[in-house]
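FYI, it's all coordinate maths here, none of it is from the lab. Since the model is a prediction, treat every value here as computed from it, not as a measurement. Here Cβ is always computed from backbone atoms with ideal geometry, including for glycine, and neighbour counts include all displayed protein chains.
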Amino acid sequence: MGSTSNTSVNYNYDNSGPDLIDGNTYYWNVGTSLDDASSWHDVIRFVYSSDPDNPVASNPHIYLYHDFNNSNNEMYTLDVSVNILDPQGPGDISTVTMQDPDNTVYTLFDDGQHADNGSGDGTYGLSIQFNNQAPAIGDYDFTVTDGSGNTGSATDVLDNIIGSLSNLSPAIIRL
Ligand SMILES: [Ca+2]
Ligand SMILES: [Ca+2]
């Protein structure tokens with residue numbers, strides 16, 4: 001077929017595909033083939049945005065663990081994460097925060113140390129511990145701000161507090 005020098009492709013040139021929706025995640029698979037050979041790239045995940053500047057927050061997640069510690073105090077661990085992308089690249093991300101239903105604001109990290117998967121992979125996270133008090137029910141709002149002050153947001157909801165398995169006791173067999 002010869003060489004390809006363009007660095008962009010047109011999606012949906014024949015109008016047979018669905019419209020892309022802002023903030024949605026898509027997967028792109030690129031392949032080529034000849035009579036006797038073929039080549040393909042790994043599937044590429046991307047988030048669609050029609051805005052050339054604003055960062056995008058997607059896939060917000062809050063995950064609650066409920067346990068008891070050695071002193072029999074109730075412990076709650078809230079792992080939160082969100083995927084962040086920016087049209088200017090990861091270097092344009094300034095801050096990523098999460099505001100809980102009590103209006104406390106937490107800073108999230110992408111260093112591989114804060115329940116955020118790998119370092120520098122665009123997933124920002126934080127692991128928050130609560131002792132003897134469950135986290136608040138309601139909206140957890142994630143906000144990303146880039147170097148120019150543009151923002152993007154996403155929300156996940158904590159709608160119930162799970163119970164703990166601490167009341168389960170092993171069966172005692174009396175002889
Ligand atoms: Ca930007
Ligand atoms: Ca990460």
Under the rule that an exposed site lies in a DSSP loop and has at most 14 other Cβ atoms within 10 Å, name the longest stretch of the chain with no chymotrypsin sites (Phe, Trp or Tyr not before Pro) of that kind, not counting the sites themselves.
14-175
Along the stretch 75-90, what does the Karplus equation 6.51 cos²θ - 1.76 cosθ + 1.60 (θ = phi - 60°) give for ³J(HN,Hα), rounded to whole Hz, x for Gly and Pro?
10, 10, 10, 10, 9, 10, 7, 7, 8, 10, 9, 9, x, 8, x, x
Computed P(r) (all Cα pairs; the chain; 10 Å bins; percent):
8, 27, 26, 18, 11, 6, 3, 1, 0
What is the distance, in nm, between label points placed 7 Å from the Cα along the Cα-to-Cβ direction at N15 and at R45?
3.3 nm
The alpha-carbon center of the stretch 70-84 and that of the stretch 23-41 are separated, in whole Å, by 40 Å
Measure off 7 Å from each Cα along the Cα-to-Cβ vector at Q129 and M75, then give the distance between these two points in nanometres to one decimal.
0.5 nm
Using Cα-only point scatterers and the Debye equation, what is log10 of I(q)/I(0) for the stretch 73-146 at each q in 0.14, 0.17, 0.28 Å⁻¹, rounded to two decimals?
-0.46, -0.64, -1.30
